[in-house]
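Notes to accompany the following structure.
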Amino acid sequence: MKRNILLIGFMGTGKSTISRQLGKNTGMKEIDLDAYIVEKAGKSINDIFAEEGEKAFRKMETASLRELAGVKNCIISCGGGTATREVNVPLMKALGQVVLLTATPETIYQRVRTSNDRPILNGNMNVEYIGELLAKRLPYYEKAADITVATDDKTVETIAYEIAERCRL
Ligand code: S3P
């Protein structure tokens, strides 16, 4: 039985991009937790936050992780907040190896600054806010992670190769 790889980390650390590259390199199937929720809810992340609130979205994340129990040999990219909810961590660990992607607030800002589908950063799109939220979240990310891979100044190929090596894919 092949276990899954779960990608966690702040918005803009490259979870979706790395998932795509890893999927291409290994043939593993990709599951994007945000996309899974959007499909199930029948509306965008922005609309879920606006109409039902963040708390409802967090419950959907946990419910989705529970529904994924039993999937194998997949790359599961989580949302930037998934690992910060303690109830999610054992669910993630049971699914597979948890890989934390990191980047500095400056790198993250450069990657997300034109995005308007991240309600957490609406009205807060600046390096200072990103740095503060990242500092609050980092202990949770680190607690959940089996391995950590820094992404600053590395190509997508290099990062995917490093993950494949360290996770023995
Ligand atoms: C969130 C990150 C988003 C998405 C939602 C909340 C967060 O995922 O789950 O907007 O709390 O950091 P990405 O990290 O894929 O942008």
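The values are calculated or read from the model by the stated rules, or taken from the named source; none is laboratory data. Owing to the predicted nature of the structure, the values given are computational and were not obtained by experimental measurement. Counting neighbours? That spans all protein chains shown, and the Cβs are built from the backbone with ideal geometry, glycine included. These area figures cover heavy atoms from the full protein model, side chains too; ligands, DNA and RNA do not enter into them. Shrake-Rupley method; radii C 1.70, N 1.55, O 1.52, S 1.80 Å.
Count of lysine pairs in the chain with Cα atoms under 20 Å apart, counting only pairs 8 or more residues apart in sequence or on different chains?
So the count works out to 24.
Report, in deg cm²/dmol and to the nearest 500, the calculated mean residue ellipticity at 222 nm for the chain, where each DSSP H run with n ≥ 4 adds -39500 (n - 2.57) and the sum is divided by the residue count. Can you show the working numbers first?
On the way: 8 runs with 88 residues, N = 169.
My calculation for the chain gives -16000 deg cm²/dmol from helical runs alone.
For segment 1-114, which whole-number percentage of the solvent-accessible area (1.4 Å probe, protein heavy atoms only) is attributable to carbon and sulfur atoms?
Values: 2590 of 5230 Å².
It is 49 percent, rounded to a whole number.
Assuming R0 = 22 Å, what is the FRET efficiency of GLU39 and ARG3, from their Cβ-Cβ distance, to the nearest 0.05?
On the way: r = 24 Å, r/R0 = 1.09.
Plugging the Cβ-Cβ distance into 1/(1 + (r/R0)^6) gives 0.35.
Arrange the peptides 147-155, 51-59 so that the one whose residues have, on average, the most other Cβ atoms within 10 Å appears first. Intermediate values should be presented prior to the final figure.
On the way: 147-155: 14.9, 51-59: 13.1.
So the peptides 147-155, 51-59, ranked by packing, come out 147-155, 51-59.
Which order do peptides 28-35, 86-93 fall in by mean Cβ count within 10 Å, highest first?
The peptides rank, most packed first, as 28-35, 86-93.
Taking 0.36 nm per residue of separation and subtracting the Cα-Cα distance, what length does fully extending THR62 through THR104 add?
Values: separation 42, 0.36 × 42 = 15.12 nm, distance 2.72 nm.
Extra length available between THR62 and THR104 comes to 12.4 nm.
Show me the ranking of peptides 133-139, 21-27, 97-103 by mean Cβ neighbours inside 10 Å, starting with the highest. Before the final figure, lay out the partial values.
Numbers: 133-139: 14.7, 21-27: 16.4, 97-103: 22.3.
Packing proxy ranking, top to bottom: 97-103, 21-27, 133-139.
Just want to confirm a number: the relative contact order over the chain, from Cα pairs under 8 angstrom separated by 6+ residues, in percent. Before the final figure, lay out the partial values.
Values: 245 pairs, mean separation 57.6, N = 169.
Normalised by residue count, the contact order of the chain is 34 percent.
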